[in-house]
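Working notes for the structure below.
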Amino acid sequence: MDEMNGFRRFRRLRQTAGLRRMVQETRLSPEDFIYPLFVTHGVDVRAEVPSMPDVYQLSVDQLPREIDDLRAHGIGATILFGIPEHKDPQGSDAYSPDGIVQRAIRTIKEHDPEFVVMGDVCLCEYTDHGHCGLLDGERILNDPTLELLAHTAVAQAEAGVDIVAPSDMMDGRVAAIRRGLDAVGFVETPIVSYAAKYASAFYGPFRDAAESTPSFGDRRSHQMDPANAREAYAEIAADIAEGADAIMVKPALAYLDVIAGARERFDVPLFAYNVSGEYAMIRAAGRNGWIDERRATLEALTAIKRAGAGQIITYHAKQAAAWLQEDWTSARRGVRSGVTAS
Ligand code: PBG
């Protein structure tokens, strides 16, 4: 039998770990990862999120140690979410100069100025009703919310944030934030917009972590319908036109087609958010012995990168970085890697 007889021997290049490694098309690196941090009020707080094993709400004083740990794993970026002591209808902690995220940014930047700090810009963690904007009865008001989002971005920029990342999905927020930043001289602060953000069930554990579950209703009046892909490209195009420097698709694993489509259509950096529910599922199945957690995690992250994401926001970041390090070490020594054929 030979190729002339109608088949190709694909297995030739799969015979050894060395060959497989050589022809691998997608390689993960800790530098691909952005690790989300939940910053809470209080002192000496390290509270594990029940639905997200190994993910903690941290008080500001814990951050320098956490950043050192991320550095040790080869990770150079974080995105911050805040859990304020007081919530109100306007979400004022989000844009207060002394708000929880602003304090976190200053603390991290003092400790490690080169560590990349992104600020999530949204009101839902800061409003007592848990919605992403100002309310009129049960309606979320678009235009009046824009001003508060711009204030939030400016407050983060004043604290020294590297990137602002609006996740609220109000229409026109990128333009409003750009105008707000420019007006006070932050013309160099980049905006990474959560451009295609779906109304997803996979955010469930995050809302435990960020204490941001809406007190009534849901987010379907502003986040996207999971059934729509064309609309995602329209959202992305609009955000780029408004001044977004980079874009994000969220969640990641159930939306790999949207990541691939966005990669093909738009020439800006493309972030993907591997969200809390996606993390929790793999962790839960792993804990139960129902899945090989290491392989499943690296496979999922590889898929997100293969689909076209350049940056991956993921709660798996530290563990994945440690596993990648182990794989490299064994590859360098010529030892068979942990991944065996099955
Ligand atoms: C909104 C925000 C959410 C997430 C990131 N930013 C929650 C939401 O839209 O309800 C979800 C992230 C995750 O699930 O990991 N500030």
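The values are calculated or read from the model by the stated rules, or taken from the named source; none is laboratory data. Note that the structure is a prediction, hence the values are computed from the model and not measured. Positions of Cβ are backbone-derived with ideal geometry, glycine not excepted, and every protein chain shown enters the neighbour counts. Ligands, DNA and RNA are stripped out before the accessible areas are found, and what is left, the full protein with its side chains, is counted by its heavy atoms. Shrake-Rupley method; radii C 1.70, N 1.55, O 1.52, S 1.80 Å.
For the ranges 78-87, 176-185, what's the packing order if you count other beta-carbon atoms within 10 Å of each residue, average per peptide, and put the highest first?
Numbers: 78-87: 20.2, 176-185: 17.5.
Ranked from most to least packed, the peptides come out as 78-87, 176-185.
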Original post:
Do any chymotrypsin sites (Phe, Trp or Tyr not before Pro) in segment 204-308 lie in a loop, going by DSSP, with at most 15 other beta-carbon atoms within 10 Å of their beta carbon, and if so which?
Top reply: F216, W290
**OP:** Please work out the C-alpha center-to-center distance from segment 196-240 to segment 108-170 and express it in whole Å.
**Re:** 15
**OP:** Tell me what the chain gives for mean residue ellipticity at 222 nm when only DSSP H runs of n ≥ 4 count, each as -39,500 (n - 2.57), the sum divided by the residue total, rounded to 500 deg cm²/dmol.
**Re:** -11500 deg cm²/dmol
Original post:
With +1 on each Lys and Arg Cβ and -1 on each Asp and Glu Cβ, how big is the dipole of the chain about its Cα centre, in debye rounded to the nearest 20?
Top reply: 2060
**OP:** Determine the per residue accessible area of the chain with all protein chains present and a 1.4 angstrom probe, expressed in square angstrom.
**Re:** 47
**OP:** State the three equivalent ellipsoid semi-axes of the chain, derived from the C-alpha gyration tensor as the square roots of 5 times its eigenvalues, in descending order and whole Å.
**Re:** 36, 23, 19
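In the neighborhood of R21, defined by Cβ-to-Cβ distances under 10 Å, what is the net charge if each Lys or Arg adds +1 and each Asp or Glu adds -1? Could you put the intermediate results ahead of the total?
Working: positive: R20, R27; negative: D327.
Once all neighbours under 10 Å are counted, the net charge is +1.
Roughly speaking, to the nearest percent, how much of segment 49-104's 1.4 Å accessible area is carbon and sulfur? Could you put the intermediate results ahead of the total?
Values: 1050 of 2090 Å².
After summing per-atom areas, the C and S share lands at 50 percent.
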Subject >> Coil-residue GluC sites (Glu not before Pro) of segment 106-141, DSSP, other Cβ within 10 Å capped at 13 >> reply: E114, E138
Subject >> Under-5 Å amide H pairs with M224, H placed in peptide plane, nonlocal only >> reply: K197, Y198, A199
